[in-house]
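Here's the structure, in structure tokens; my notes come after.
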2 protein chains.
Amino acid sequence: MVSSEALAERAGTTGAQVRKDLSSFGSFGTRGRGYGVDPLHARIREILGLTRPWQVALVGAGRIGSALHAYPHFRDRGFRIVAILDMDPAKIGGAWEGTPIRDVGELEAVVGAESVEIVILAVPASAAQPLAERAAAAGVRGILNFAPVRLRLPEGVEVNNVNLAVELEALSHALSLEDARR
Amino acid sequence: MVSSEALAERAGTTGAQVRKDLSSFGSFGTRGRGYGVDPLHARIREILGLTRPWQVALVGAGRIGSALHAYPHFRDRGFRIVAILDMDPAKIGGAWEGTPIRDVGELEAVVGAESVEIVILAVPASAAQPLAERAAAAGVRGILNFAPVRLRLPEGVEVNNVNLAVELEALSHALSLEDARR
DNA sequence: GCCAGCTTGTGAAAAACTTCACAAGAAAGG
DNA sequence: CCTTTCTTGTGAAGTTTTTCACAAGCTGGC
């Protein structure tokens, strides 16, 4: 068992916050005892939609793509990278750990054939928008976008942006504030 | 010139929000016209602390480290990766684009010699906490942490976490919600 | 020089989120 | 079986953030 307070300490928040958040998905704690770790874990996996695997295509076989492909926590949580696409002829025809790198021109075909629901976009900023549009048109439901552009896509396509420069800039801002306070 | 509404559209928010946010740093728009692009850009760089370069050490020369080192937008914004550290003897002694890869045992020495203020931590989860502590003790002020652990550090050290698995999980959650609505 | 048309900056209102605080319930020990 | 101890779940209070709405102010044209 684990208490809301113990969870809060690990997550960097308060017990009340943890309880409020969890209670919005139903009440599965036990008063006086806390939350059972296994049931809680199972429930969170359910809430996050991790109880079934997701078919993922990796678009962009550059350095970021390479890092993401090797990232063990994706596979752990049921994200299956079923295809890798790139536009560089030097890379097309190669393979990463058995998964072939295919021509990005085949995007639509791959999405259809492999029932791809999520695309990880790890391409240069200039290539991102058209590729995202093609993926969306081909039926992809979610895009994890590493390109530093805000994608404009039709309603119904979920986009999650990761902008590495912004993360460093946030640090820079925080440190500058410190400096200014002195 | 650019209006708050135009900025808002690009950023995915509202004009009122943009104006409130900007006004908290002083008023540098012109009524009836909007904001001058160049002054606005300069002011934001100032606010983010990007008017001077930051000395950065990259700890972890794996795939993520490699992607980050090659990421052009860091250098663009004044983040100078002045040192690369790793624990793998096969990598130590090598170099990336002229920057030598050094033994992570030299962390403290490097931080001192190069006046490193920011560390990018791109190491496995198990190695992150001790390395973060060492960096903090050596005088590093900010850490950009890619390891999926919550670092516990003394007050005054800024930490910014990037958790790639969480980003995909957020997508998964959003798509599951859609499914549930049907 | 004045009027018309825009757009900022900002109080006030509304909404969202967090914290407080405590009744309700569960378990362990006697 | 009763009492003590602990921790959840949740209304209410408090705080923060966002939206609304409009006076203030700039610019261009006449």
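Tabulated data for the structure shown
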{"read-out": "Test: residue in segment B:24-41 that is assigned to a loop (DSSP other than H, G, I, E, B), within 13 Å of DNA strand D (Cβ to nearest atom), surrounded by 13 or more Cβ atoms within 10 Å (Cβ to Cβ) and away from every other protein chain (no Cβ under 14 Å)", "value": "yes"}
{"read-out": "Residue A:55, sole failed condition from (1) touching a residue at least 40 places away in the same chain (Cβ under 8 Å); (2) open to solvent by 60 Å² or more (accessible area, probe 1.4 Å); (3) of a type in the set (S, T, N, Q)", "value": "(2)"}
{"read-out": "Number of positions in segment A:6-20 that are open to solvent by less than 80 Å² (accessible area, probe 1.4 Å) and within 11 Å of DNA strand D (Cβ to nearest atom)", "value": "7"}
{"read-out": "Candidate set: segment B:15-44, residues that are over 11 Å from residue B:1 (Cα atoms) and of a type in the set (Ser, Thr, Tyr); chosen: the one modelled with the lowest pLDDT", "value": "B:27"}
{"read-out": "Boolean, residue B:135 is open to solvent by less than 10 Å² (accessible area, probe 1.4 Å) and farther than 29 Å from residue A:144 by Cα", "value": "yes"}
{"read-out": "Any hit, segment A:127-148, residues being closer than 24 Å to residue B:158 by Cα and either in a strand (DSSP E or B) or in the same structural domain as residue A:80 (by TED's automatic domain parsing) (or both)", "value": "yes"}
{"read-out": "Considering residues of segment A:55-82 that are farther than 17 Å from residue B:146 by Cβ and among the β-branched types (Val, Ile, Thr) only, the residue nearest to the other protein chains (Cβ to nearest Cβ)", "value": "A:56"}
{"read-out": "Lone qualifier among B:38, B:21, B:76 - being in the same structural domain as residue B:108 (by TED's automatic domain parsing) and of a type in the set (Asp, Glu)", "value": "B:76"}
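The values are calculated or read from the model by the stated rules, or taken from the named source; none is laboratory data. These numbers come from a predicted model, not from an experiment. Glycine also receives a Cβ, built like all others from the backbone with ideal geometry; neighbour counts cover every protein chain displayed. These area figures cover heavy atoms from the full protein model, side chains too; ligands, DNA and RNA do not enter into them. Shrake-Rupley method; radii C 1.70, N 1.55, O 1.52, S 1.80 Å.
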